[in-house]
Each structure stands twice: as structure tokens, then as C-alpha cells.
Amino acid sequence: MSYDFAPLVNNTFPAVSERFTAINPATGETIGSVPECAGLVDEAVRGALAAQREWAKVPLFQRVGLVGKLAAVLEQHGEELAQLDVLDTGSPIHVMRADIRASVGMLRHQMGLAPQVFGRSGDRFTGDNIHFTLPQPFGVVARFCAFNHPLMFSIMRIAAPLLMGNSLIIKPSEHTSLSTLRIAEILAPHIPPGLIQILTGGVPVGEAIVGHKDIKRITLTGGKAAALAFYRIAAESGHLKDFTFELGGKNPMVIYPDADAEKAFTSAVHGMNFYQTAGQSCGSTSRIFIHRSLYEQAKAAIKAACEAIRIGDPQDPDTLMAGLSTQQQFDKTLRYIELSKREGLPLLTGGARLTTPPFDKGFYVPPTVFFDVTREHTLFREEVFGPVLALIPWDDEQQMLADINAVEYGLTASVWTSSLDTAMEFARRVEAGTVWINGSSKHFPGFGFAGQKDSGLGQEETLEELVSFTQLKAVHYFGAEGRKNVEIRLI
């Protein structure tokens, strides 16, 4: 079967002649095609503007009701969407089924948060006058989604803009667009025309969206290079934009000598997201700082755990790990592996693509672990976004903390210790937006996910995400008789 979906523009599905091929990364087979929609951006924005003007008038409880209906409809199609993502990303089916649960859950979570977004008020700052703020929508907003969790990101990104009265343009990754295009077909019968537009394609459509004068707010889940390009395009357009960026990470996990060693070593493997997306996760703890007293024990345990991971067909529910999602990411991962070898890093396990059938036609790289990594090695500093883990011994706590914070990223961090004081001191000092204590990888709705330094700007998965899709307007009421002169005295 060939999946050749159309984009969604004003609840229609226009034919697009320029298309590019969609490949199943597990087999190398062609599974469909994706439209290049740069020529549809102006039409989509015009429709979104018209829809937003009416949507902003809809009472909040009705907006909540629509988002709830969309959550229910998408949940009904969950298995279909999960299977489509398996074909398009090459990630295991157990991951994509979890993505459906997480994304629909996030819609419902944000429905509950929506009534908490309101302005502030005060009186008697100046006599009998009243002062208050009104949160108002931006208008048309755009959300760019990453390739590693396409259905999850496309669904999760719906709620906050719509609940706050905006209309929305969704741009999935050009590498994994199929499930988002199918989502367009599922949603269209249930939404006002133009409220959600879904456009696919590569650089041309991205540039057209970011540079459009009527799109005031844009979010991106992706890489630093793309974020910098967004700034450049916005500047060249001559129009100011409001951005949220959720970008990459070179995330540390620290294991102290008083940690529960067995659980910490297991978490080191789990936190790398080998089981989820073959390491293709911005939050992966890809640098493991292990106290010297546990180092040899850790090497043995991590090696054994990595080699026990079942790699297989992503459609098999028993498969724990599958391949990488794109040729580009596959090539990049192999380059970092070869570079690490040339730099003299010792290899603990993995280190080459899988070439025996049935893996020879897909983008399969097993868990790869290098050890004795130092600041001088490229693997210490740069994000691979693949199944490559760095083990780093440490002796001096102050030097270890300095090494952790020496990279340009600051997304997540994990610390394993039995001392609450040690854990809290680490949490205060590490430069990261999320810190796990005696754990890793988990997201908890309501507490946010955000980066520091070059890992991003802004908050998602929390009340602040909804607030970020509003602009505050200050209103000052001087009564029916107009402004009165009021003397303000400093006491």
C-alpha cells in the first residue's frame, strides 16, 4: 500500500504535484509520498486568519469541548496512527502505542489547565480606579514538529494554541509526515475550516511559514541550527516573532558512590532511550559520569544490559529497539562512531551497523558505548542523536560539576545518590531545565519541559505553555466620569 496523503488547507485536501518519497527506514522500501506545500502557505494563512477571528469569540468552555472531542476521535484511531508511525519512523510499535496514550493524555491535561489562564486585577492603586489585564490570543501560530515522535508531537501541539483562541498551522518533519497527514483527515470533519492547517515539505515551506508577516508566534522542536535559521528568516522578513524552542542536549547522568548501583546502571541504559527511539531523543542522558569506585562494575553491567537488548522488526511487540529513522541520522551516527574511534576512544560494545539480514536494508546501529571519555573528545561535547553512549569516570566532585556544565547544552540531567543533600545541591548547580533524582527519561505533565543555554527557550507541557500562546493587554478603568486627579504619596 502506498500512502499518498494531501495537506489540509481550509478543511480541503488540495492536490499537490511536487512530492517527495517516503521510505520505511527498517526495510528501505518506498511506502508513499509527501507533498511540498510552499505554494500553499499564503492561502493557508489567509484561511487561518479568518478562522481565528471567529474562534477567538468562542467561549472557553466550548473550546475545551472541541479539544476534548478531538482527543476522543484521535484516541479511536490510535492503533492506526501508531502502525503508520512504525512504518514511517522505524521505531518499535510499543513506543508508538505509548505515544498515542501520552499525546491524548496531554490534550486532556491541558483542557484542565485552560481555566487557570486569566489576567490580574487590582483597585485603589489610584483612587477608585480599576486596573486589570486581559490575556488575548496571538492570532495565527505555527508549530514545527520533530521527526522522532511525529504523531505525538503533532497531537500534543494542538491543545494550547486552540484553547487560548489561536488558529494553528502544523508543520511536521519532512522525514516523517505520514501520520500527521492522516491526522489531518481525521480532524477535518470536526473542526471549523481553517482552524487547523497542516502543511508538509522541506526548507521552502519552512521558510515561507517562518517569514510570513501574519504568523506571530512559532514553536520548534528540533535542533539549534534550525532555531538560528528561524531567527535569521524572521529578521529578514522585517517582522517580529515570538519563539519557543525545544532543542538538543548532551545530557549528563551522575552516579555517586552511595547510589543504588544496580538501579543506576539500569537507568543509564534506559535513560539513553535505546528502547524508545534508538537514542534519537533530545532528553537522552548520553554522558554517564560514574564515580571511580563504581566504574569497572558499571562498565560490566552496562555492557551486559546493552547486549541483552532485543533488536528487531519494529512491528513486533517483543522488539525493544529498532533502527534509526532517517538516512541522514544513520549517516551522522556512523560518522560520530568512526570519529570517536579515530580519536582513540576505547569501545565497550557495538560500534558498527548491523549488516546481517533482516537488518542489512535498514538503518540499524546497535547500542554503542565508548568509555574513558574526556573533555578533549568530540563525543563529550556534541550531540549524536543516536545510540551512542559515553562513560566518564570521576573522582573530584567540583571538577565533575564543572565538566558537566562545560557544554553548550542544558536540557536534562540525572543524579543517583542516597543523599538528599547531595541530590539537591546537584539540582541547584547543574545547568539543565529538567533534573531527575534517582531516575531518568520520564516527563510529568504540569511541571514543564524546557532547556537552558542552547537547549532552548520557553516552557512546554505545563500551564506556562498555555500562557505563552497569549499576549497580555493592560486595561485601566477610570469610572463613568473619567479620570480623576489622584495624589499619590509615598509613605
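Within segment 1-56, the residues that satisfy the criterion of being hydroxyl-bearing (Ser, Thr, Tyr) and surrounded by 15 or more Cβ atoms within 10 Å (Cβ to Cβ) are Tyr3, Thr27, Ser33. Taking the criterion of being surrounded by fewer than 23 Cβ atoms within 10 Å (Cβ to Cβ), touching a residue at least 24 places away in the same chain (Cβ under 8 Å) and more than 26 Å from the chain's Cα centre (by Cα), the residues of segment 279-325 that qualify are His291, Arg292, Ser293, Leu294, Tyr295, Gln297, Ala298, Lys299, Ala301, Lys303, Ala305, Glu307. Contact map, segment 123-145: residues that are part of a loop (DSSP other than H, G, I, E, B) paired with residues that are at pLDDT 90 or above and hydrophobic (A, V, I, L, M, F, W, C), Cβ distance under 6 Å, separation 6+ or inter-chain. Pairs shown: Cys145/Phe153. Taken together, the criteria place Val435 among residues that are part of a strand (DSSP E or B) and under 30 Å from Pro161 (Cα atoms).
Every residue, every condition in (1) closer than 17 Å to Ile392 by Cα; (2) out of contact with any strand residue (DSSP E or B) (no Cβ under 7 Å at 6 or more places or on another chain); (3) at pLDDT 95 or above, yes or no:
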site: Arg287; (1), (2), (3): yes, no, yes
site: His291; (1), (2), (3): yes, no, yes
site: Ala301; (1), (2), (3): yes, yes, yes
site: Asp313; (1), (2), (3): no, yes, yes
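Looking across segment 445-458, the residues that are part of a loop (DSSP other than H, G, I, E, B), small (Gly, Ala, Ser) and crowded, with 16+ Cβ neighbours inside 10 Å come down to Gly448, Ala450, Gly451, Ser455, Gly458. Listed by first and then second residue, the pairs with beta-carbon distance under 8 Å, at least 6 apart or on different chains, first residue in segment 56-81 and touching a residue at least 60 places away in the same chain (Cβ under 8 Å), second among the acidic types (Asp, Glu) and in a helix (DSSP H, G or I), form an empty list. Taken as a whole, segment 117-138 holds at least one residue that is modelled with pLDDT of 95 or more and within 25 Å of Glu43 (Cβ to Cβ). Quick one: in segment 326-342, which of the residues that are crowded, with 19+ Cβ neighbours inside 10 Å and of a type in the set (A, V, I, L, M) is farthest from Val388 (Cα to Cα)? Ranking the candidates gives Leu334 first.
Just one of the listed residues (Tyr231, Tyr256) is farther than 26 Å from Glu174 by Cα, out of contact with any Gly (no Cβ under 6 Å at 6 or more places or on another chain) and touching a residue at least 12 places away in the same chain (Cβ under 8 Å), and it is Tyr256.
Would you mind telling me which numbered condition in (1) touching a strand residue (DSSP E or B) at 6+ places or on another chain (Cβ under 7 Å); (2) more than 30 Å from Gly312 (Cα to Cα) Ile31 fails? Unmet for Ile31, out of (1) touching a strand residue (DSSP E or B) at 6+ places or on another chain (Cβ under 7 Å); (2) more than 30 Å from Gly312 (Cα to Cα): (2).
Evaluate the following for Val104: is it in a helix (DSSP H, G or I) and either among the acidic types (Asp, Glu) or in contact (Cβ under 8 Å) with a residue 60 or more places away in the chain (or both)? Considered against the rule, which asks whether it is in a helix (DSSP H, G or I) and either among the acidic types (Asp, Glu) or in contact (Cβ under 8 Å) with a residue 60 or more places away in the chain (or both), Val104 comes out as no.
Consider segment 399-444 and keep the residues that are β-branched (Val, Ile, Thr) and farther than 17 Å from His270 by Cβ. The one that is surrounded by the most Cβ atoms within 10 Å (Cβ to Cβ) is Ile404. Could you check segment 243-275 and list, in sequence order, the residues that are closer than 27 Å to Arg232 by Cα and touching a Lys or Arg at 6+ places or on another chain (Cβ under 7 Å)? Matches in segment 243-275: Leu247, Gly248, Lys250.
Let's see how each residue does on (1) under 22 Å from Thr244 (Cα atoms); (2) surrounded by 15 or more Cβ atoms within 10 Å (Cβ to Cβ):
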| residue | (1), (2) |
| --- | --- |
| Ala72 | no, no |
| Leu81 | no, yes |
| Leu87 | no, yes |
| Val117 | yes, yes |
| Phe132 | no, yes |
| Ala142 | yes, yes |
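Residues of segment 364-385 that are in a loop (DSSP other than H, G, I, E, B) and crowded, with 19+ Cβ neighbours inside 10 Å: Tyr364, Val365, Pro366, Pro367, Phe371, Val373, Glu383, Val384, Phe385.
The values are calculated or read from the model by the stated rules, or taken from the named source; none is laboratory data. Quick caveat: nothing in here was measured; it's all calculated off a predicted structure. Note that each Cβ is placed from the backbone with ideal geometry, even for glycine, and that neighbours are counted across all protein chains shown.
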